[in-house]
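Worksheet: one structure, shown below.
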Amino acid sequence: MNTWRLDGATTTLLLLARGEGLPEIVHWGARLPSLAAAEVAAMRDRAVARNALDEDMPFATVLPTLGAGTFGAPALAAMRDRLDWTAEFRLDRVEELSHGLVLHASDPVGRLVLEITLGLAADGDTLTQQVAITSGAELAAGVQHLAAGVFALPPRVRTLLTLGGSWGHEFIEQRTDLPMGTLAIENRRGRTSHDRQPSLIGGGGELAEDAGEAWGVHLGWSGNHRTTAERQPDGSLVVQAAALLHPGEVEVGQGAYFTTPEAVCAYSANGLAGLSRALHRHVRTQVLRWPGGRMSRRPVTLNTWEGTYFAHDEQRLMAQATAAAELGIERFVLDDGWMLGRRDATAGLGDWTADPEKYPHGLLPLARHVEASGMQFGLWVEPEMANPDSDFLRANPNATLHVEGRKRRTSRHQVVLDLTRASVGEAIVAALERLLGELPIRYLKWDMNRELVAAGDEFGRPAYDGQVRALYAMLSHLRGKFPELEIESCASGGGRADYGVLRHTHRVWASDCTDALDRLAIQRGALRFLPPEIIGAHVSDSPNHQTGRRHTLGFRAAVALFFHMGVELDPLALLQPEQDELAAWIALHKRLRHLLHAGEHVALPAEDCRSLLGVVAADRREAAYLVAQEASPLHAIPSPLRLPGLDPAMRYRVVAPPPQQMPERHSATHRALFGAGIVLPGAALAAGFVPPPMPPESALVLHAVREGG
Ligand code: GLA
């Protein structure tokens, strides 16, 4: 009998091996005191169930397998020539890392070898798992399924929360109970997807924002995936996170390892907001890789898409850049429409040179103008794709992912290039290197605007997995060659926002929907797993281009303010008062971004259609809150507004900073709030004060600073 444990800041993982097999997960959750092996064993000692196998089988092992005496979903499905389809691993050796374990295991019958790596940083509460497999026999083994992470959640986890939706409405939360059976979230779209995020949260009771236990699982993978939660015979839940493999996609030859992506599971004793704090910390410290090793101040961005679309006019874009700089914008991103023959979505994708009619001297004059205006120059590309109506595809008609004899379906008039084919990958990299070499590009908005259908490689074999790996290799190569470069992961909005792609990129475009009301829900969902500083949020036109809704500039700006803020409109089309107000919002963002982009996330359950999220500095000296009245309140008088996360004993001055204006109906407290501020101890602010009445689809930004510095 053997036990192992890993401890995080407030968490413990406890493993127990009663026999020779893979260890069972005894506990993953709140911190436990130190325990002797016999005590851990006593925690799991149980009578054999009636009408069951005569020996008690641990079902929540770190990798449940088929034919080993448990009846839950196996985490591995592999075989050789219709044989070796059962698996029962023997634990050979456990390697202890500074903050983790590597379990080395082998199956002498099935002749497979495993390495399971578990990690839990001492100052974090996120458990990571990754599995590598190889064949111990000459004949290669076909792997149809291999979970990256297997996490055991206790029976008191009743509510499951998943994130999904559709294009323009991604990261929308759905809650469900799971009395018996399995909940499976499967994605076969070839990118992370808009409708099924590789993320799952479980918790007791109602899964509140600010209280109760919660576990959150995520797979760092930008392709097909399968996340399952299955009730076990003791009521506990086994959650598995896996890349979804296609038949014949993965074979492991002797000694050659296939390694899964990394899965992560965070634990919080402080509700959903606490879970986000643990996951944000994980992304900040373990996933993102910034140029120079440190995040620079996130530059306020102007993205040209909604203000210009395909109608690029060099002179007008230069004038836009000048106007953008006057608004306080720091990065100007030239979106789609600049390439050869790119008059609309039907042509030009794949030809990465500037259209000579729109840009007679190439992009350099515009890029130089942007730089001369004091901004960084960024460029939109969609390197994985081509239009059939492009010089590239005319010259390389077979460079696409396809299966011979099957229809090559287009989406958005484009096809997917086969990145697993060396010649195709090299041509794409050469085109990007040329752009990056010739132009002062500090930022690429890397888009991916369609799904994969019958994605066969040059031999007709499934290439979904290989395509993602080739993409990561391409991004990594470019980052190596251009270390100052930042990259945004965009896939028709939030279709590729996961910890896999975020190892190579620095921002996600959360959604093609820029409507402030819809964005509240989209950003709330995105924030569950992603920190605000990497979520792109832009102030766009009113009426909104996607929904037709009209919103005040104040509402649109407040909703974008807490994230990586940007602007998605033609600044030349703004009237002077709008320009002044937008410039003031940008100035406010710049004043607060040291806090917004590094602090800790807090949130409260919505009350009377009023939601609240906020950011609190680690030392509790400062906080900012976004209060949004999402629909008309039921009650005549607003309920007290509680400000969470502050130090109860400290006194804070709370202001509603400019350009916000005091509403017509107000009290003396509100006059102070919109003026010099109200001063109250943190404990009183946590109990609440009555805010001004707020109309539907409006927001209030509050800034709290400790009195006396
Ligand atoms: C996608 C992106 C948009 C924009 C367009 C350009 O839809 O999500 O932001 O870049 O492509 O075609």
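The values are calculated or read from the model by the stated rules, or taken from the named source; none is laboratory data. Keep in mind that what you see is a predicted model, and the values were worked out from it rather than measured. Please note: Cβ atoms are built from the backbone with ideal geometry, for glycine as well, and neighbour counts cover all protein chains shown. For the accessible areas, the whole protein counts, side chains as well, though only heavy atoms, and no ligand, DNA or RNA atoms are used. Shrake-Rupley method; radii C 1.70, N 1.55, O 1.52, S 1.80 Å.
Of note:
- Members of segment 402-445 found to be open to solvent by 20 Å² or more (accessible area, probe 1.4 Å) and farther than 21 Å from Trp380 by Cβ, listed by number: Val403, Glu404, Gly405, Arg406, Lys407, Arg408, Arg409, Thr420, Arg421, Ala422, Ser423, Glu426
- A count restricted to segment 554-570 and to residues that are closer than 16 Å to Val627 by Cα and in contact (Cβ under 8 Å) with a residue 60 or more places away in the chain stands at 6.
- Restricting Ala60, Ala47 to those that are over 30 Å from His280 (Cβ atoms) and not basic (Lys, Arg) reduces the list to Ala47.
- Taken across segment 46-55, residues that are within 18 Å of Gln232 (Cβ to Cβ) and surrounded by 15 or more Cβ atoms within 10 Å (Cβ to Cβ) do not occur at all.
- Subset of segment 381-404 [within 16 Å of the ligand (Cβ to nearest atom) and touching a helix residue (DSSP H, G or I) at 6+ places or on another chain (Cβ under 8 Å)]: Val381, Pro383, Glu384, Ala386, Asn387
- Selected residue (criterion: surrounded by the fewest Cβ atoms within 10 Å (Cβ to Cβ)) from residues of segment 60-84 that are over 35 Å from the mean Cα position of the chain (by Cα) and part of a loop (DSSP other than H, G, I, E, B): Arg82
- The residues in segment 316-347 that are farther than 29 Å from His589 by Cβ and either β-branched (Val, Ile, Thr) or out of contact with any strand residue (DSSP E or B) (no Cβ under 8 Å at 6 or more places or on another chain) (or both) can be counted, and the count is 4.
- Residue check, Ala321 crowded, with 18+ Cβ neighbours inside 10 Å and more than 15 Å from the ligand (Cβ to nearest atom): yes
- Residue-level analysis places Glu697 among those that are open to solvent by 40 Å² or more (accessible area, probe 1.4 Å), in contact with a helix residue (DSSP H, G or I) (Cβ under 6 Å, 6 or more places away or on another chain) and more than 15 Å from Tyr625 (Cβ to Cβ).
- All of Asp355, Asp336, Asp351, Asp344 fail the test of being open to solvent by less than 20 Å² (accessible area, probe 1.4 Å) and within 12 Å of the ligand (Cβ to nearest atom), apart from Asp336.
- Filtering segment 483-518 to residues that are open to solvent by less than 10 Å² (accessible area, probe 1.4 Å), assigned to a strand (DSSP E or B) and more than 10 Å from the ligand (Cβ to nearest atom) leaves Ile487, Ser489, Arg507, Val508.
- Just one of the listed residues (His551, His538) is within 16 Å of the ligand (Cβ to nearest atom), over 22 Å from Met385 (Cβ atoms) and in contact (Cβ under 8 Å) with a residue 40 or more places away in the chain, namely His538.
- Residue pairs meeting the criteria (Cβ under 6 Å; at least 6 apart or on separate chains; first within 25 Å of Ala399 (Cβ to Cβ), in segment 351-374; second polar (S, T, N, Q)): Asp351/Ser390
- Taking (1) open to solvent by less than 30 Å² (accessible area, probe 1.4 Å); (2) within 16 Å of the ligand (Cβ to nearest atom) in turn, Gln546 satisfies each apart from (1).
- Segment 3-37, subset farther than 24 Å from Asp123 by Cα and without any contact (Cβ under 8 Å) to a residue 40 or more places away in the chain, residue most open to solvent (accessible area, probe 1.4 Å): Gly19
- For segment 304-360, the tally of residues that are in contact with a helix residue (DSSP H, G or I) (Cβ under 9 Å, 6 or more places away or on another chain) and part of a helix (DSSP H, G or I) stands at 15.
- Within segment 291-306, one or more residues are within 16 Å of the ligand (Cβ to nearest atom) and either in contact with a Ser or Thr (Cβ under 9 Å, 6 or more places away or on another chain) or open to solvent by 30 Å² or more (accessible area, probe 1.4 Å) (or both).
- Those strands (runs of 3 or more DSSP E) of segment 162-219 in which 1 or more residues are on the phi > 0 side of the Ramachandran plot and open to solvent by less than 40 Å² (accessible area, probe 1.4 Å) occupy 169-177.
- Looking only at residues of segment 599-619 that are assigned to a loop (DSSP other than H, G, I, E, B) and either free of Cβ contacts under 8 Å to residues at least 40 places away in the same chain or open to solvent by 70 Å² or more (accessible area, probe 1.4 Å) (or both), we find that the one that is nearest to Leu520 (Cα to Cα) is Asp608.
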